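The values are calculated or read from the model by the stated rules, or taken from the named source; none is laboratory data. Quick caveat: nothing in here was measured; it's all calculated off a predicted structure. Accessible surface areas use protein heavy atoms only, side chains included; no ligands, DNA or RNA. Shrake-Rupley method; radii C 1.70, N 1.55, O 1.52, S 1.80 Å.
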Amino acid sequence: MKLKINHLTIRLFTEILEKFASPLGEIHLQKQNDLLMDAYRSMSHELHKLQVEEELLMHKFYEFTKQAEHQNIEEVTALEFDGDGGFLMAVGSSSGKVLIYDLRSSYPIRIKDHIRIEPTGTINDICVFSDSGLMLLALDGNQIPSYFIPALGPAPKWCSYLENLMEEMEEGAQTTIYDDFIFLT
């Protein structure tokens, strides 16, 4: 069926649209406007919260650097926030210290002094196997050194001999070949 459009059809169609579509269109546009305003208010609130959090973090970082000057901490080499609530911040320094802050306090909750891993080249990347204490370092050279740190977690299933090695070391308190090694915990 072909629709023949002429002047009369167009005029009739516009009158119908003006009569019936106008109030429906206004209601539809009003609903859209209300939804957009709600979204705008919500996004503005979230943006304000993020700005406040950023200001708080910058203030904490400033306090840390001032405190670090008094404690002779060399320089900040790493900064990480917890993924759960965002209230904890860990700061690593070049002297091997890790300071853990609760962002609601000016002083660190805990200060840990770690043994540093000093490989023979520049570290390009670190691969820590999830839920385990095994890590690999990607260096500038050809070798990829591996480190097992039992305090981080157990050995992976495919590397179970490390757990056996650790158990043997704990059992045997006598002098062994491992006495001259430093194990990271």
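Before moving on, here are some points about what is shown:
- Chain lengthening between residue 49 and residue 163 when straightened (0.36 nm per residue, less Cα-Cα): 36.4 nm
- In Å², nearest 10: area of residue 59 left accessible to a 1.4 Å probe: 90
- Which of 77, 120, 65 is most accessible, then next, and so on - probe 1.4 Å: 120, 77, 65
- Each 10 Å bin, from zero up to the one with the longest distance, holds this percent of the alpha carbon pairs of the stretch 40-159: 11, 31, 30, 21, 7, 1.
- Residue 58 sits with roughly 120 Å² accessible to a 1.4 Å probe, with DNA, RNA and ligands left out of the calculation.
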